[in-house]
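Structure, as C-alpha coordinates:
The values are calculated or read from the model by the stated rules, or taken from the named source; none is laboratory data. Keep in mind that what you see is a predicted model, and the values were worked out from it rather than measured. Here the Cβ positions follow ideal geometry from the backbone for every residue, glycine too, while neighbour counts run over all protein chains shown.
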Amino acid sequence: MQKTKVELTQDELPRKWYNVQADLKKPLPPPLNPATNQPIGPEALAAVFPMELIKQEVSTERYIDIPDEVLQAYYLLGRPSPLQRAVHLEQRLKTPAKIYFKREDLSPTGSHKPNTAFAQAYYNKKEGIEQLVTETGAGQWGSALSLACNYFGLKCKVFMVRVSYDQKPYRKFVMNVYGASVTPSPSNETEFGRKLLAQNPNHPGSLGIAISEAMEVAVKGGAKSKYSLGSVLNHVCMHQTIIGQETMMQFDKIDEKPDYMIACVGGGSNFAGFTFPMIGEKLRGKSDTQFIAVEPTSVPSMTKGDYKYDFGDTAQMTPLLKMYTLGAGFIPPEIHAGGLRYHGAAPTLSALLDAQAITPVSFEQKECFEAGITFARSEGIIPAPESTHAIKAAIDLALEAKKKNEKKIIAFNLSGHGLLDLSGYDNYLSGKMN
(Lines give C-alpha, C1' and ligand atoms only; values in the text may rest on other atoms or scores of the structure.)
Protein backbone atom coordinates (compact mmCIF):
# COMPACT_ATOMS: atom_id res chain seq x y z
CA MET A 1 0.00 0.00 0.00
CA GLN A 2 1.35 3.40 -0.98
CA LYS A 3 1.82 5.79 1.94
CA THR A 4 0.45 9.24 1.17
CA LYS A 5 0.93 11.02 4.52
CA VAL A 6 4.05 12.13 6.34
CA GLU A 7 3.31 12.42 10.06
CA LEU A 8 5.19 13.86 13.02
CA THR A 9 4.67 12.89 16.64
CA GLN A 10 3.82 15.39 19.38
CA ASP A 11 7.39 15.01 20.64
CA GLU A 12 8.61 16.30 17.26
CA LEU A 13 6.58 19.52 17.45
CA PRO A 14 8.98 22.48 16.98
CA ARG A 15 9.67 24.29 20.27
CA LYS A 16 10.60 27.66 18.73
CA TRP A 17 9.19 30.08 16.16
CA TYR A 18 11.45 31.19 13.32
CA ASN A 19 12.05 34.93 12.81
CA VAL A 20 12.99 35.79 9.21
CA GLN A 21 14.30 39.20 10.27
CA ALA A 22 17.47 37.45 11.43
CA ASP A 23 18.29 36.43 7.85
CA LEU A 24 17.24 39.46 5.81
CA LYS A 25 20.15 40.89 3.83
CA LYS A 26 19.09 44.41 4.83
CA PRO A 27 17.29 45.45 8.04
CA LEU A 28 13.51 45.68 7.76
CA PRO A 29 12.45 49.32 7.18
CA PRO A 30 11.08 50.53 10.53
CA PRO A 31 7.48 51.69 11.14
CA LEU A 32 7.20 55.48 10.96
CA ASN A 33 5.20 58.04 12.88
CA PRO A 34 2.84 59.49 10.23
CA ALA A 35 3.05 62.97 11.80
CA THR A 36 6.85 63.17 11.79
CA ASN A 37 7.94 60.43 9.35
CA GLN A 38 10.43 59.35 12.02
CA PRO A 39 10.84 55.76 13.24
CA ILE A 40 8.64 54.89 16.19
CA GLY A 41 9.79 53.10 19.30
CA PRO A 42 8.17 50.04 20.91
CA GLU A 43 6.35 52.28 23.41
CA ALA A 44 4.23 53.72 20.57
CA LEU A 45 2.56 50.30 20.15
CA ALA A 46 1.88 49.75 23.86
CA ALA A 47 -1.68 51.11 23.67
CA VAL A 48 -2.53 48.42 21.12
CA PHE A 49 -0.40 45.32 21.87
CA PRO A 50 1.02 43.66 25.01
CA MET A 51 4.73 44.27 25.54
CA GLU A 52 5.85 40.69 24.86
CA LEU A 53 4.33 40.82 21.36
CA ILE A 54 5.95 44.21 20.77
CA LYS A 55 9.32 42.70 21.70
CA GLN A 56 8.71 39.91 19.19
CA GLU A 57 7.70 42.45 16.56
CA VAL A 58 11.07 44.22 16.69
CA SER A 59 13.28 41.23 17.53
CA THR A 60 16.07 40.14 15.18
CA GLU A 61 16.73 36.88 17.06
CA ARG A 62 16.47 33.90 14.70
CA TYR A 63 14.37 31.79 17.07
CA ILE A 64 11.84 32.68 19.80
CA ASP A 65 10.86 30.06 22.39
CA ILE A 66 7.23 28.90 22.29
CA PRO A 67 5.74 28.94 25.83
CA ASP A 68 4.64 25.58 27.23
CA GLU A 69 1.04 26.85 27.53
CA VAL A 70 0.97 27.59 23.78
CA LEU A 71 2.58 24.24 22.92
CA GLN A 72 -0.16 22.54 24.92
CA ALA A 73 -2.77 24.51 22.98
CA TYR A 74 -1.11 23.46 19.71
CA TYR A 75 -1.81 19.84 20.64
CA LEU A 76 -5.51 20.77 20.93
CA LEU A 77 -5.28 22.18 17.40
CA GLY A 78 -4.00 18.87 16.03
CA ARG A 79 -0.39 19.90 15.64
CA PRO A 80 1.81 18.64 14.17
CA SER A 81 -0.38 18.56 11.05
CA PRO A 82 0.21 16.02 8.24
CA LEU A 83 2.03 16.62 4.98
CA GLN A 84 -0.02 14.75 2.39
CA ARG A 85 0.77 13.71 -1.16
CA ALA A 86 -1.92 14.47 -3.75
CA VAL A 87 -1.57 11.15 -5.59
CA HIS A 88 -5.03 11.25 -7.19
CA LEU A 89 -4.50 14.82 -8.41
CA GLU A 90 -1.16 13.76 -9.94
CA GLN A 91 -2.94 10.91 -11.72
CA ARG A 92 -5.72 13.16 -12.97
CA LEU A 93 -3.16 15.60 -14.38
CA LYS A 94 -0.96 12.76 -15.75
CA THR A 95 2.08 14.62 -14.47
CA PRO A 96 5.47 13.20 -13.49
CA ALA A 97 5.61 15.82 -10.73
CA LYS A 98 4.95 14.96 -7.11
CA ILE A 99 2.44 17.29 -5.41
CA TYR A 100 2.34 17.65 -1.62
CA PHE A 101 0.07 19.78 0.55
CA LYS A 102 0.26 20.77 4.21
CA ARG A 103 -3.00 20.08 6.09
CA GLU A 104 -3.82 23.36 7.85
CA ASP A 105 -7.52 22.67 7.17
CA LEU A 106 -7.68 20.19 10.07
CA SER A 107 -7.67 22.67 12.97
CA PRO A 108 -10.93 23.05 14.95
CA THR A 109 -11.79 26.26 13.07
CA GLY A 110 -10.60 24.91 9.72
CA SER A 111 -7.56 27.06 8.95
CA HIS A 112 -3.99 28.01 9.90
CA LYS A 113 -5.14 31.06 11.86
CA PRO A 114 -5.19 29.48 15.37
CA ASN A 115 -1.38 29.17 15.28
CA THR A 116 -1.06 32.88 16.08
CA ALA A 117 -4.47 33.37 17.73
CA PHE A 118 -3.53 31.12 20.65
CA ALA A 119 -0.13 32.75 21.02
CA GLN A 120 -1.61 36.26 21.04
CA ALA A 121 -4.38 35.34 23.47
CA TYR A 122 -1.81 33.76 25.81
CA TYR A 123 0.46 36.82 25.92
CA ASN A 124 -2.48 39.17 26.45
CA LYS A 125 -3.87 37.01 29.26
CA LYS A 126 -0.44 36.91 30.89
CA GLU A 127 -0.32 40.72 30.98
CA GLY A 128 -3.77 41.04 32.56
CA ILE A 129 -5.79 41.94 29.48
CA GLU A 130 -9.48 41.00 29.65
CA GLN A 131 -10.77 41.72 26.11
CA LEU A 132 -9.36 41.42 22.59
CA VAL A 133 -10.88 43.30 19.65
CA THR A 134 -10.13 42.32 16.07
CA GLU A 135 -11.26 42.31 12.45
CA THR A 136 -11.92 39.42 10.09
CA GLY A 137 -12.48 39.05 6.36
CA ALA A 138 -13.70 35.59 5.42
CA GLY A 139 -14.12 34.77 9.11
CA GLN A 140 -11.25 32.33 9.57
CA TRP A 141 -9.26 34.73 11.75
CA GLY A 142 -12.29 35.80 13.77
CA SER A 143 -13.17 32.16 14.40
CA ALA A 144 -9.62 31.37 15.48
CA LEU A 145 -9.35 34.29 17.91
CA SER A 146 -12.80 33.53 19.30
CA LEU A 147 -11.68 29.99 20.14
CA ALA A 148 -8.34 31.19 21.55
CA CYS A 149 -9.99 33.83 23.75
CA ASN A 150 -12.45 31.24 25.07
CA TYR A 151 -9.53 28.88 25.81
CA PHE A 152 -7.63 31.51 27.83
CA GLY A 153 -10.69 33.17 29.42
CA LEU A 154 -10.80 36.47 27.49
CA LYS A 155 -13.68 38.37 25.96
CA CYS A 156 -13.58 38.71 22.17
CA LYS A 157 -15.19 41.28 19.86
CA VAL A 158 -14.96 40.88 16.08
CA PHE A 159 -15.64 43.37 13.28
CA MET A 160 -16.38 41.29 10.17
CA VAL A 161 -16.18 42.80 6.68
CA ARG A 162 -19.81 43.34 5.73
CA VAL A 163 -19.73 41.56 2.35
CA SER A 164 -18.30 38.44 4.03
CA TYR A 165 -20.75 38.80 6.93
CA ASP A 166 -23.53 38.54 4.33
CA GLN A 167 -21.85 35.89 2.14
CA LYS A 168 -20.77 33.59 4.99
CA PRO A 169 -23.30 33.76 7.86
CA TYR A 170 -22.17 30.47 9.37
CA ARG A 171 -18.76 31.95 10.14
CA LYS A 172 -20.56 34.39 12.44
CA PHE A 173 -22.30 31.49 14.17
CA VAL A 174 -18.96 29.72 14.75
CA MET A 175 -17.65 32.84 16.49
CA ASN A 176 -20.84 33.12 18.53
CA VAL A 177 -20.54 29.47 19.65
CA TYR A 178 -17.07 30.26 21.01
CA GLY A 179 -18.49 33.25 22.89
CA ALA A 180 -17.48 36.19 20.68
CA SER A 181 -19.65 39.11 19.59
CA VAL A 182 -19.62 39.82 15.85
CA THR A 183 -20.45 43.14 14.14
CA PRO A 184 -20.61 43.73 10.38
CA SER A 185 -18.17 46.45 9.28
CA PRO A 186 -18.55 49.33 8.61
CA SER A 187 -20.83 49.70 11.62
CA ASN A 188 -22.62 52.31 13.70
CA GLU A 189 -20.50 51.38 16.72
CA THR A 190 -17.52 53.58 15.79
CA GLU A 191 -16.99 57.13 14.60
CA PHE A 192 -15.23 55.93 11.46
CA GLY A 193 -17.95 53.39 10.68
CA ARG A 194 -20.73 55.95 11.07
CA LYS A 195 -18.89 58.31 8.73
CA LEU A 196 -18.65 55.67 6.00
CA LEU A 197 -22.27 54.54 6.37
CA ALA A 198 -23.43 58.15 6.08
CA GLN A 199 -21.68 58.26 2.71
CA ASN A 200 -22.90 54.83 1.58
CA PRO A 201 -25.45 52.89 3.69
CA ASN A 202 -24.68 49.75 1.63
CA HIS A 203 -20.90 49.96 1.95
CA PRO A 204 -19.39 46.47 1.38
CA GLY A 205 -16.52 47.12 3.77
CA SER A 206 -12.89 46.05 3.58
CA LEU A 207 -10.25 44.60 5.88
CA GLY A 208 -8.67 48.05 6.14
CA ILE A 209 -11.96 49.50 7.40
CA ALA A 210 -12.55 46.64 9.85
CA ILE A 211 -9.03 47.11 11.23
CA SER A 212 -9.79 50.80 11.81
CA GLU A 213 -13.01 50.02 13.68
CA ALA A 214 -11.37 47.33 15.80
CA MET A 215 -8.47 49.60 16.73
CA GLU A 216 -10.85 52.44 17.64
CA VAL A 217 -12.84 50.21 19.99
CA ALA A 218 -9.73 48.58 21.48
CA VAL A 219 -8.05 51.90 22.27
CA LYS A 220 -11.22 53.34 23.80
CA GLY A 221 -11.75 50.19 25.84
CA GLY A 222 -9.20 51.14 28.48
CA ALA A 223 -6.13 49.41 29.89
CA LYS A 224 -7.78 45.97 29.98
CA SER A 225 -8.61 45.99 26.24
CA LYS A 226 -6.15 45.37 23.39
CA TYR A 227 -6.22 44.94 19.64
CA SER A 228 -5.28 41.66 17.95
CA LEU A 229 -4.18 41.32 14.31
CA GLY A 230 -4.48 38.17 12.20
CA SER A 231 -1.82 38.90 9.59
CA VAL A 232 0.72 41.44 8.23
CA LEU A 233 2.88 42.20 11.29
CA ASN A 234 6.11 40.32 11.98
CA HIS A 235 5.04 38.66 15.24
CA VAL A 236 1.92 37.27 13.54
CA CYS A 237 3.90 35.86 10.60
CA MET A 238 6.48 34.44 13.00
CA HIS A 239 3.89 32.47 15.01
CA GLN A 240 2.79 30.79 11.78
CA THR A 241 6.29 29.42 11.06
CA ILE A 242 5.38 26.35 13.08
CA ILE A 243 3.86 25.25 9.72
CA GLY A 244 7.02 25.60 7.65
CA GLN A 245 9.28 24.07 10.28
CA GLU A 246 7.07 21.00 10.44
CA THR A 247 7.03 20.83 6.65
CA MET A 248 10.84 20.87 6.44
CA MET A 249 11.06 18.05 9.00
CA GLN A 250 8.50 16.04 7.03
CA PHE A 251 10.40 16.40 3.77
CA ASP A 252 13.59 15.37 5.59
CA LYS A 253 11.80 12.20 6.74
CA ILE A 254 11.19 11.14 3.14
CA ASP A 255 14.57 12.48 1.96
CA GLU A 256 13.07 14.96 -0.49
CA LYS A 257 13.30 18.71 -1.05
CA PRO A 258 10.52 20.76 -2.68
CA ASP A 259 11.41 22.51 -5.92
CA TYR A 260 8.49 24.87 -5.36
CA MET A 261 6.64 26.04 -2.25
CA ILE A 262 3.35 27.85 -2.89
CA ALA A 263 0.83 29.71 -0.76
CA CYS A 264 -1.82 32.36 -1.24
CA VAL A 265 -1.33 35.91 0.03
CA GLY A 266 -3.80 38.34 1.56
CA GLY A 267 -1.81 40.04 4.30
CA GLY A 268 0.85 37.34 4.21
CA SER A 269 0.73 35.21 7.39
CA ASN A 270 -0.22 31.98 5.58
CA PHE A 271 2.55 32.39 3.02
CA ALA A 272 5.04 33.41 5.68
CA GLY A 273 4.21 30.49 7.93
CA PHE A 274 4.64 27.94 5.17
CA THR A 275 7.69 29.37 3.39
CA PHE A 276 9.75 31.59 5.72
CA PRO A 277 11.70 28.76 7.42
CA MET A 278 12.76 27.41 4.01
CA ILE A 279 13.38 30.95 2.70
CA GLY A 280 15.74 31.35 5.66
CA GLU A 281 17.58 28.25 4.49
CA LYS A 282 17.85 29.71 0.99
CA LEU A 283 19.10 33.06 2.29
CA ARG A 284 21.82 31.13 4.13
CA GLY A 285 22.76 29.24 0.94
CA LYS A 286 21.26 25.89 1.98
CA SER A 287 18.28 25.57 -0.41
CA ASP A 288 17.39 26.03 -4.09
CA THR A 289 13.61 25.99 -3.56
CA GLN A 290 11.54 28.57 -5.46
CA PHE A 291 8.73 30.38 -3.64
CA ILE A 292 5.46 31.32 -5.37
CA ALA A 293 3.13 33.86 -3.73
CA VAL A 294 -0.38 33.88 -5.21
CA GLU A 295 -2.94 36.70 -5.04
CA PRO A 296 -6.23 37.60 -6.80
CA THR A 297 -5.92 39.71 -9.95
CA SER A 298 -8.61 41.95 -8.44
CA VAL A 299 -6.44 42.72 -5.38
CA PRO A 300 -2.94 42.79 -6.93
CA SER A 301 -0.85 44.36 -4.17
CA MET A 302 2.29 42.33 -5.00
CA THR A 303 2.02 42.30 -8.79
CA LYS A 304 0.79 45.86 -9.36
CA GLY A 305 1.24 47.67 -6.04
CA ASP A 306 3.96 50.13 -5.11
CA TYR A 307 6.66 49.40 -2.54
CA LYS A 308 6.29 52.37 -0.25
CA TYR A 309 5.23 53.50 3.21
CA ASP A 310 1.48 53.29 3.75
CA PHE A 311 -1.09 52.91 6.50
CA GLY A 312 -2.20 49.43 7.48
CA ASP A 313 -5.83 50.57 7.83
CA THR A 314 -8.30 52.79 5.98
CA ALA A 315 -8.81 55.37 8.74
CA GLN A 316 -5.03 55.88 8.89
CA MET A 317 -4.72 55.06 12.60
CA THR A 318 -1.73 52.72 12.29
CA PRO A 319 1.93 53.68 11.96
CA LEU A 320 3.29 53.84 8.42
CA LEU A 321 4.60 50.47 7.22
CA LYS A 322 6.81 49.91 4.17
CA MET A 323 5.03 47.35 2.05
CA TYR A 324 3.70 46.58 -1.40
CA THR A 325 0.38 48.39 -1.38
CA LEU A 326 -2.54 49.48 -3.54
CA GLY A 327 -3.21 52.36 -1.14
CA ALA A 328 -4.96 52.38 2.22
CA GLY A 329 -8.12 53.73 0.61
CA PHE A 330 -8.40 50.84 -1.86
CA ILE A 331 -11.81 49.12 -1.65
CA PRO A 332 -11.51 45.63 -3.15
CA PRO A 333 -14.14 43.94 -5.31
CA GLU A 334 -16.56 41.56 -3.59
CA ILE A 335 -14.71 38.35 -4.48
CA HIS A 336 -15.38 35.22 -2.42
CA ALA A 337 -11.80 34.87 -1.14
CA GLY A 338 -12.47 37.26 1.73
CA GLY A 339 -9.14 36.55 3.40
CA LEU A 340 -7.31 37.96 0.36
CA ARG A 341 -9.14 41.30 0.22
CA TYR A 342 -6.41 43.45 1.76
CA HIS A 343 -4.66 46.43 0.20
CA GLY A 344 -1.09 45.55 1.22
CA ALA A 345 1.38 42.75 1.86
CA ALA A 346 3.27 42.13 5.10
CA PRO A 347 6.46 44.22 5.51
CA THR A 348 8.65 41.10 5.86
CA LEU A 349 7.10 39.50 2.78
CA SER A 350 7.39 42.82 0.91
CA ALA A 351 11.10 43.10 1.77
CA LEU A 352 11.69 39.58 0.41
CA LEU A 353 9.68 40.41 -2.70
CA ASP A 354 11.74 43.56 -3.22
CA ALA A 355 14.87 41.43 -2.91
CA GLN A 356 13.45 39.07 -5.59
CA ALA A 357 13.46 36.11 -3.19
CA ILE A 358 9.77 35.49 -3.98
CA THR A 359 7.87 35.18 -7.28
CA PRO A 360 4.38 36.75 -7.20
CA VAL A 361 1.56 35.60 -9.51
CA SER A 362 -2.14 36.45 -9.72
CA PHE A 363 -5.26 34.62 -10.91
CA GLU A 364 -8.94 35.38 -11.51
CA GLN A 365 -11.35 33.84 -9.01
CA LYS A 366 -13.16 31.67 -11.60
CA GLU A 367 -9.98 29.84 -12.59
CA CYS A 368 -9.14 29.37 -8.92
CA PHE A 369 -12.55 27.86 -8.15
CA GLU A 370 -12.08 25.56 -11.15
CA ALA A 371 -8.77 24.41 -9.66
CA GLY A 372 -10.44 23.97 -6.27
CA ILE A 373 -13.11 21.72 -7.76
CA THR A 374 -10.46 19.68 -9.59
CA PHE A 375 -8.67 19.22 -6.25
CA ALA A 376 -11.90 18.31 -4.42
CA ARG A 377 -12.83 15.74 -7.05
CA SER A 378 -9.33 14.25 -6.86
CA GLU A 379 -8.47 14.39 -3.15
CA GLY A 380 -11.95 14.65 -1.59
CA ILE A 381 -11.21 17.91 0.26
CA ILE A 382 -13.15 21.10 -0.51
CA PRO A 383 -10.59 23.91 -0.13
CA ALA A 384 -11.20 27.44 1.08
CA PRO A 385 -11.47 30.00 -1.75
CA GLU A 386 -8.17 31.48 -0.55
CA SER A 387 -6.43 28.09 -0.79
CA THR A 388 -7.67 27.53 -4.35
CA HIS A 389 -5.24 30.23 -5.47
CA ALA A 390 -2.31 28.10 -4.30
CA ILE A 391 -3.88 25.00 -5.86
CA LYS A 392 -4.20 26.79 -9.21
CA ALA A 393 -0.49 27.65 -9.15
CA ALA A 394 0.42 24.08 -8.16
CA ILE A 395 -1.65 22.62 -11.01
CA ASP A 396 -0.05 25.00 -13.51
CA LEU A 397 3.44 23.96 -12.39
CA ALA A 398 2.48 20.27 -12.51
CA LEU A 399 1.22 20.67 -16.10
CA GLU A 400 4.41 22.50 -17.03
CA ALA A 401 6.40 19.60 -15.59
CA LYS A 402 4.27 17.23 -17.69
CA LYS A 403 5.04 19.21 -20.84
CA LYS A 404 8.78 19.12 -20.09
CA ASN A 405 8.70 15.59 -18.60
CA GLU A 406 10.35 16.83 -15.41
CA LYS A 407 9.98 15.12 -12.04
CA LYS A 408 9.50 18.25 -9.99
CA ILE A 409 8.41 18.29 -6.34
CA ILE A 410 5.65 20.83 -5.70
CA ALA A 411 4.33 21.73 -2.24
CA PHE A 412 1.51 24.08 -1.30
CA ASN A 413 -0.19 25.09 1.91
CA LEU A 414 -3.82 24.05 2.17
CA SER A 415 -4.55 27.02 4.44
CA GLY A 416 -8.17 26.10 5.15
CA HIS A 417 -11.23 24.07 4.16
CA GLY A 418 -14.17 25.51 2.25
CA LEU A 419 -17.10 23.84 4.01
CA LEU A 420 -18.43 27.22 5.16
CA ASP A 421 -17.75 28.80 1.76
CA LEU A 422 -20.18 26.73 -0.28
CA SER A 423 -22.11 29.79 -1.49
CA GLY A 424 -19.02 30.67 -3.49
CA TYR A 425 -18.87 27.20 -5.01
CA ASP A 426 -22.60 27.46 -5.75
CA ASN A 427 -22.02 30.72 -7.59
CA TYR A 428 -19.29 29.12 -9.65
CA LEU A 429 -21.19 25.92 -10.45
CA SER A 430 -24.37 27.82 -11.35
CA GLY A 431 -22.50 30.18 -13.68
CA LYS A 432 -23.25 33.29 -11.59
CA MET A 433 -19.65 34.09 -10.63
CA ASN A 434 -18.07 37.22 -12.11
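Across region 159-169, a minimum of one residue is classified as in the same structural domain as Thr183 (by TED's automatic domain parsing) and under 14 Å from Leu229 (Cβ atoms).
Scanning region 231-256 for residues that are surrounded by fewer than 23 Cβ atoms within 10 Å (Cβ to Cβ) and β-branched (Val, Ile, Thr) returns a single hit, Ile254. Consider region 136-154 and keep the residues that are modelled with pLDDT of 95 or more and either touching a strand residue (DSSP E or B) at 6+ places or on another chain (Cβ under 6 Å) or of a type in the set (Asp, Glu) (or both). The one that is farthest from Cys237 (Cα to Cα) is Leu154. The listed residues are Leu340, Leu353, Leu320, Leu326, and the only one of them that is buried (at least 18 other Cβ atoms within 10 Å of the Cβ), assigned by TED's automatic domain parsing to the domain that holds Gly266 and free of Cβ contacts under 8 Å to residues at least 40 places away in the same chain turns out to be Leu326. Quick check on Lys16: is it surrounded by 13 or more Cβ atoms within 10 Å (Cβ to Cβ) and closer than 30 Å to Lys98 by Cα? For Lys16, the condition - surrounded by 13 or more Cβ atoms within 10 Å (Cβ to Cβ) and closer than 30 Å to Lys98 by Cα - is met. Taking the conditions exactly as written (closer than 30 Å to Asp354 by Cβ and in contact with a helix residue (DSSP H, G or I) (Cβ under 8 Å, 6 or more places away or on another chain)), does Glu43 satisfy them or not? Judged against the criteria, Glu43 is not a match. Checking the condition closer than 23 Å to Val265 by Cα and either of a type in the set (S, T, N, Q) or at pLDDT below 95 (or both), which residue from Thr116, Thr190, Thr183 passes? Answer to the check: Thr116. Residues in region 38-54 that are of a type in the set (D, E, K, R) and either touching a Lys or Arg at 6+ places or on another chain (Cβ under 7 Å) or modelled with pLDDT of 95 or more (or both): Glu52 alone. Does at least one position in region 98-114 carry a residue that is touching a Pro at 6+ places or on another chain (Cβ under 6 Å) and either free of Cβ contacts under 8 Å to residues at least 40 places away in the same chain or assigned by TED's automatic domain parsing to the domain that holds Gly244 (or both)? Checked region 98-114: at least one residue is touching a Pro at 6+ places or on another chain (Cβ under 6 Å) and either free of Cβ contacts under 8 Å to residues at least 40 places away in the same chain or assigned by TED's automatic domain parsing to the domain that holds Gly244 (or both). All conditions in (1) in a loop (DSSP other than H, G, I, E, B); (2) of a type in the set (Gly, Ala, Ser); (3) in contact (Cβ under 8 Å) with a residue 40 or more places away in the chain hold for Ala35, with the sole exception of (3). Here Ile381, Ile410, Ile373, Ile391 are screened, and the one residue that is farther than 19 Å from Gly267 by Cα, of a type outside the set (Gly, Ala, Ser), at pLDDT 95 or above and buried (at least 23 other Cβ atoms within 10 Å of the Cβ) is Ile410.
When restricted to residues that are of a type in the set (Val, Ile, Thr) and either assigned to a helix (DSSP H, G or I) or touching a Lys or Arg at 6+ places or on another chain (Cβ under 7 Å) (or both), region 247-275 contains 2.
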